[in-house]
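As structure tokens, the structure follows; a few thoughts come after it.
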């Protein structure tokens, strides 16, 4: 679930007993809440973006994590290796990401290639299908 920066507050117990909710991604500062936002939920992690202020180690009773994945383009792992194009992705340990690809930035058709977690803050992504396209663009997004 992604919460836009336009949300400034939550009502009482907005996510109570949403037991299958595992990640909430916030764009912006933390909205005001009564502190019982996630009662009955033991799985959710709250993710926030770099530069967004006001976040602490928990929010609404759930742990928070900085969501900051980056493609490393300046090391030896970037580029073609063993007939596959790839690169390292680094950021906060154990954050979930989706790697998507597009062949045309003008019409923005993005296709998911890999869902993964930055175990220990690093993962190597490779695309064995890259040679099937005259050009291929990649992006990282939240699940």
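No other residue among 128, 112, 134, 50 is assigned by TED's automatic domain parsing to the domain that holds residue 15 and free of Cβ contacts under 8 Å to residues at least 60 places away in the same chain apart from 50. For the criterion of being surrounded by fewer than 17 Cβ atoms within 10 Å (Cβ to Cβ) and more than 17 Å from the chain's Cα centre (by Cα), residue 73 passes. Condition first: over 20 Å from the mean Cα position of the chain (by Cα) and within 23 Å of residue 141 (Cβ to Cβ). Can you find one or more residues in the range 50-68 that meet it? No; the residues of the range 50-68 include none that is over 20 Å from the mean Cα position of the chain (by Cα) and within 23 Å of residue 141 (Cβ to Cβ).
When the criteria are applied in full, residue 108 meets the requirement of being at pLDDT below 95 and on the phi > 0 side of the Ramachandran plot.
The values are calculated or read from the model by the stated rules, or taken from the named source; none is laboratory data. Source: prediction; values computed, not measured. As a convention, Cβ positions derive from the backbone with ideal geometry for all residues, glycine included, and neighbour counts pool all protein chains shown.
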